Amino acid sequence: MTLRLYMHPLASYCWKALVAFYEADVPFEQEIVDLGDPQQRANFLKLTPLGKFPVLVDEDAGKGFPESSIIIEYLAMKYPAAARLIPADRDLALRVRLSDRFYDLYIHEKMQRIVGDRLRPGDRKDPTGVEQARAELDAALTLVDRDMESGGWATGLTFTMADCAAAPALYYANEVAPFGEKHAAAGRYLERLKARPSFARVLAEAQPYFSMFPRS
Ligand SMILES: N[C@@H](CCC(=O)N[C@@H](CS)C(=O)NCC(=O)O)C(=O)O
């Protein structure tokens, strides 16, 4: 079976899917897309009109999906080794999906707005939007601190899809707004994530590309 993941090694939502692949040791092919290359961008848009990665194509099944959470749901549905990423218990699964939404919408998305502003030309910056994103990120991190005070993973003792979502969101959030003492519990959770072999591997693979990240 060939699973092909269209991705870029620096892209945060691709990291989320990659963590899930490495957690479950599911074999797949990486298809690195350079969106700065007009031909590669045009081909990618044929696959996924919104032009966002990751996109997973299951060539044998003749199916393809965008959206990191849906890709992880698909892995959990099809591969026994990935099943634990979405618990069988329906109440627990609901908590995992809620936490996944929290990390995507209230941490990851705020971080992306801050990074996105760095990529804008000098006369098209949005200081008010960035200020708002920073305040919303700070508020969300307070909830992470509260939930992670006693350690563990996003929804308890088992590593799930919520932790796949948390890893890139917190990694890059800490880059754009260092957690420091204010968000110490979030920082300790991030350290646990970085020590997890699946995420450590994603970070190692991204290493050659880190110079492309806009630092300011
Ligand atoms: N909701 C999507 C978000 C995907 C997304 O924002 N991907 C970014 C990379 S991290 C992207 O493709 N950016 C390229 C662009 O916007 O041109 C998911 O969960 O997969």
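Details
- Computed from backbone phi, the HN-Hα couplings of region 105-117 come to 7, 10, 10, 4, 5, 5, 4, 4, 5, 5, 5, x, 5 Hz, rounded to whole numbers (Karplus: 6.51 cos²θ - 1.76 cosθ + 1.60, θ = phi - 60°; Gly and Pro given as x).
- Simple label model, 7 Å out from Cα along Cβ direction - Ala200 to Ala61, nm: 3.1
- Label zone at Glu149 (point 7 Å along Cα-to-Cβ), backbone N below 14 Å, region 173-216: 183-186
- On full extension, the segment bounded by Asp89 and Asp25 gains 20.8 nm, given 0.36 nm per residue less the C-alpha separation.
- Sites matching trypsin sites (Lys or Arg not before Pro) across region 21-118 that sit in DSSP coil, with at most 16 neighbouring C-beta atoms within 10 Å: Lys52
- Gyration tensor (alpha-carbon) shape descriptor, the chain, a/c threshold 1.5: oblate
- Modelled label positions at Ile70 and Arg101, each set 7 Å beyond Cα in the direction of Cβ, lie 1.7 nm from each other.
- A simple charge model with +1 on the Cβ of Lys and Arg, -1 on the Cβ of Asp and Glu and nothing else charged puts the dipole of the chain at about 220 debye relative to its Cα centre.
- Inter-site label distance for Ala139 and Glu181 at 7 Å from Cα along Cβ, in nm: 2.6
- Theoretical ellipticity at 222 nm over the chain - DSSP helices of four or more residues, -39500 (n - 2.57) apiece, nearest 500: -17000 deg cm²/dmol
- Listed residues Leu47, Leu157, Leu35, most fluctuating in the chain (Gaussian network, C-alpha, under 10 Å): Leu157
- Loop-resident sites, region 116-205, for GluC sites (Glu not before Pro), counting at most 15 other Cβ within 10 Å (DSSP): Glu149, Glu181
All of the numbers you see were taken from the coordinates with simple rules; none came from a lab. Computed from a predicted structure; not experimentally measured. Note that each Cβ is placed from the backbone with ideal geometry, even for glycine, and that neighbours are counted across all protein chains shown.
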